[in-house]
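What follows is a set of notes on a single structure, which appears directly below.
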Amino acid sequence: FERGQEDTVNMEIDDIAPLRKMRLRIDGSGSRPDWFLDQVIMRNLTTEEVSVFTYEDWLSRTHGPKRTMICEMAAVVDEEMMVEPTTYIVQVKTSDTAGAGTDANVWIVIFGENGDTGTLALKECSKSNKFERKQVDTFRFSEILSMGELSKVRVWHDNSGPSPGWHLDFIDVKDEIMDKTFRFPCDRWLAKNDDDGQIMRELACANNDFLDLNEKTKYEICITTGETETKENAWIVLEGKKGRSKEFVMENSSKKKRFLRGNVDRFDFSSKNLGDIAGICLGHTPKDGKKVKGEVFWQVEEVVVTERELGNKYIFICNGLIPLSPKRDDFLTFECTKTIESFASKARSLVPVKYEIIVITGDEKGAGTDANVFITIYGVNGDSGRRQLRQKFRNLFEREQTDRFLLEMLDMGELQKVRMDQDNSGLSPGWLLDRVEVTNTANGVTTIFLCGKWLDLERADKQIARVLYPKY
């Protein structure tokens, strides 16, 4: 990273294409911590796709206008910017409850279809005394990359000041480029001595609640015909987790020719909401109920069903010959090959869930710790943020002891890993962690994470943080 120099690094990471943005940070160490970053060029060695990330500014506490050591850059692929810059207007409403206001410092992270914003401090605001009872405080973040449709916000405070407990009513986030406001209701305490003692909350976006999925839903059906085309009609029935649709006839006519070789035909129809589409029945019937002479087939390569309210896609790779028959019980059935869940649908599944966390300390001399212990849970829906494991009036994490905690978080989906760390405080901070068990109390699924290692700056590999993976 010397002046005018280009450095090449090879990294192997999960395939997360299409790339949208990059977050890059420096740690401010060394005798020359300041860095003027020009750009980062990323090349996928498999696909040869090139993404360019341009910054052209200082990463420094003392140089340049931004005085920051972390930056976000939009990916530019084939001269197209993958994420647009925008301005976020964040409005924070403190509840009208006795003692609702806080003197603590507050931060948020905004999550959406383009990832997350990183940590934003709710610091600069027109009011000198922020987060007072019944007050709305407005914060403006300009030149920030748009996260697109939003799913959740994470909000927390540092428990500082004479009365840090805070009752938050809601947060509104307006994306000025999209001209759209997203609401995140809370109506809970963020307080160590109120409610469940949490000072961090994740709030799901309420915009997604207005869809009434019990009403009729529109489905779009795209059918790809193979080598064998047909001049006759076809019909389809959708089989969903919540029910089965009526038969939908897809008509062919001499004016509007359908089902030609290699063509994709599109049809729309309404049905009661069927839930996730698991299967389809495809039939092939003669127009005007004519009799069928000999064996006649229509070759269907693929059917894609899109549920229009949420945009979920269900793909059926058929490669089947559908026999022409006037009978309604002559059809072929296909099971769903692949489901592509839309962002709106994923956002709807972010409901609050209580997780029971059981932490078992090892059985060796000095295994217990006096330090503060933190957990971060990672699942297919994201991560929990770093949460302290604490309880009143209990000496936690002692030798061979089992400690239980209940944390409310937005549903993580299937759990992928946990990160356990301690802050090295107290008289004997070293800790031998045996294992962690995390149970989603909504569905009863328990995931076990084995450790069996020290979190200790003095022993073994001198690590005080461990990433643990599930035991299957």
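The values are calculated or read from the model by the stated rules, or taken from the named source; none is laboratory data. Remember, predicted model here, so these are calculated numbers, not experimental data. Here the Cβ positions follow ideal geometry from the backbone for every residue, glycine too, while neighbour counts run over all protein chains shown. Keep in mind that these areas ignore ligands, DNA and RNA; they rest on the heavy atoms of the full protein, side chains included. Shrake-Rupley method; radii C 1.70, N 1.55, O 1.52, S 1.80 Å.
Summary of computed values
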quantity	calculated
Solvent-accessible ranking of E232, E307, E79, largest area first, probe 1.4 Å	E79, E232, E307
Surface accessible to a 1.4 Å probe, D96 within the full protein complex, Å²	90
Calculated over the stretch 21-81: convex hull of Cα atoms, volume per residue (Å³)	91
Coarse-grained scattering of the chain at q = 0.07, 0.09, 0.11 Å⁻¹, given as base-10 log I(q)/I(0) from a Debye sum over alpha-carbon atoms	-0.53, -0.83, -1.10
I280, I448, I16, I144, ranked by accessible area, largest first (probe 1.4 Å)	I16, I448, I144, I280
Largest-first ordering by accessible area, 1.4 Å probe, given options Y469, Y219	Y469, Y219
Charge sum, other residues only, whose C-beta stays under 12 Å from P18's C-beta, Lys/Arg counted +1 and Asp/Glu -1	-3
Length-normalised contact order of the chain in % [C-alpha pairs under 8 Å, at least 6 apart]	9
Neighbourhood charge, 9 Å Cβ-Cβ cut-off, centred on I360 and excluding it, Lys, Arg +1 and Asp, Glu -1	-3
E49 accessible area, 1.4 Å probe, all protein chains in place, Å² to nearest 10	80
Surface per residue (accessible, 1.4 Å probe) for the chain, Å²	55
Cα shape, the stretch 350-471, gyration tensor, a/c 1.5 rule	prolate
Lysine-lysine proximity count for the stretch 284-441, Cα under 14 Å, sequence distance 8 or more or distinct chains	6
Heavy atoms of F343 accessible to a 1.4 Å probe, total area in Å² rounded to 10	60
Gyration tensor (alpha-carbon) shape descriptor, the stretch 219-344, a/c threshold 1.5	prolate
Estimated [θ] at 222 nm from DSSP helical runs (n ≥ 4, -39500 (n - 2.57)) normalised by residues in the chain, nearest 500	-500 deg cm²/dmol
Cβ-based net charge around R308, under 9 Å, with every Lys or Arg adding one and every Asp or Glu removing one	-3
Largest-first principal axis extents of the Cα set of the stretch 1-136 (Å)	59, 38, 25
Share of carbon and sulfur in the accessible heavy-atom surface of the chain [1.4 Å probe, %]	46
Prolate/oblate/rounded call for the stretch 92-196, Cα gyration tensor, a/c under 1.5 rounded	prolate
